[in-house]
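J.: I am attaching a structure below and will ask some questions about it afterwards.
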Amino acid sequence: AKGAFGVAQMRVEASNTGPEPAAGFQVYDAVLDVQDINEPPTCDFMPEIYVMQDFGPLQIPGFATNVSSGPLNEGWQIPIPIVDVPAPAQSLFIDPPVIDASGMLLMETAPQRYGDV
């Protein structure tokens, strides 16, 4: 099943259908260990933000919500949202956008600049 992992014990029996020995079989006990894969973290973001030109420093609480490191067995991981601003749009900011541990978006727009990211 998708997302399933764990340890299972199994018994494998190999039987002989040939003439000798008539009812021969071999039994093997085995352990199957299915390792978990690293599931990606998840979160929800605000769909769009509109900021006026020359707005300056900006803090938007709740920009990233429902941040999860993945399944319970991956709770030891700390998801860190990273904002990637394309090179042509980097001049729109004095301080580029970052998301802090609480999910707040922080940035400072550059004066006399406008555009979309």
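Matching residues to (1) outside any loop (DSSP other than H, G, I, E, B); (2) closer than 30 Å to VAL34 by Cβ; (3) free of Cβ contacts under 8 Å to residues at least 12 places away in the same chain; (4) touching a Ser or Thr at 6+ places or on another chain (Cβ under 9 Å):
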{"site": "ILE78", "(1), (2), (3), (4)": "no, yes, yes, yes"}
{"site": "SER91", "(1), (2), (3), (4)": "yes, no, no, no"}
{"site": "VAL98", "(1), (2), (3), (4)": "yes, no, no, no"}
{"site": "GLY103", "(1), (2), (3), (4)": "no, no, no, yes"}
{"site": "PRO111", "(1), (2), (3), (4)": "no, no, no, no"}
{"site": "TYR114", "(1), (2), (3), (4)": "no, no, no, no"}
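J.: If GLN53 satisfies all but one of (1) open to solvent by less than 80 Å² (accessible area, probe 1.4 Å); (2) in contact (Cβ under 8 Å) with a residue 40 or more places away in the chain; (3) in contact with a Phe, Trp or Tyr (Cβ under 9 Å, 6 or more places away or on another chain), what's the number of the condition it fails?
T.: Failing condition for GLN53: (1).
J.: Shifting gears a bit: Looking at (1) open to solvent by 90 Å² or more (accessible area, probe 1.4 Å); (2) in contact (Cβ under 8 Å) with a residue 12 or more places away in the chain; (3) under 30 Å from GLY3 (Cα atoms); (4) among the charged types (D, E, K, R), which is the one condition that is false for ASP33?
T.: The failed condition is (1).
The values are calculated or read from the model by the stated rules, or taken from the named source; none is laboratory data. Everything quoted here is computed from the prediction, not taken from an experiment. For neighbour counting, all protein chains shown are included, and Cβ atoms are generated from backbone atoms with ideal geometry for every residue, glycine included. Quick note on the areas: whole protein, heavy atoms, side chains included, nothing else; ligands and nucleic acids left out. Shrake-Rupley method; radii C 1.70, N 1.55, O 1.52, S 1.80 Å.
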